[in-house]
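Asker: Could you have a look at this structure, given as C-alpha cells, before my questions?
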Amino acid sequence: MATPQALTLTSIVIGVATTALMLSFAVVIYRMYGTVNVDEIRELKE
C-alpha cells in the first residue's frame, strides 16, 4: 500500500508537469501570434 507521502509527492509532480505543459503551450502560441489574447488570435485567423 502506498504511503500518504508518496501520494502527496505524486500529486505535486503531476501538478507541476501540467503547469509546465500549459506554460509551454502559451509560449508557442505567443511566438506564433504575438499575443495570448484569445479574441485577438481569433481575429488574426479570420
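Asker: As a test of the formula, what do you get for the chain when each DSSP H run with n ≥ 4 contributes -39,500 (n - 2.57) and the sum is divided by the residue count, at 222 nm and rounded to the nearest 500 deg cm²/dmol?
Answerer: -28000 deg cm²/dmol
Asker: If you fit an axis through the alpha-carbon atoms of helix 4-33 and take the longest principal axis of the Cα set of the chain, what angle between them do you get, 0 to 90°, nearest 10?
Answerer: Helix 4-33 and the main axis of the chain meet at about 10 degrees.
Throughout, read-outs are computed from the coordinates displayed, never taken from laboratory work. Predicted model only: the values in this text are computed from it and were never measured.
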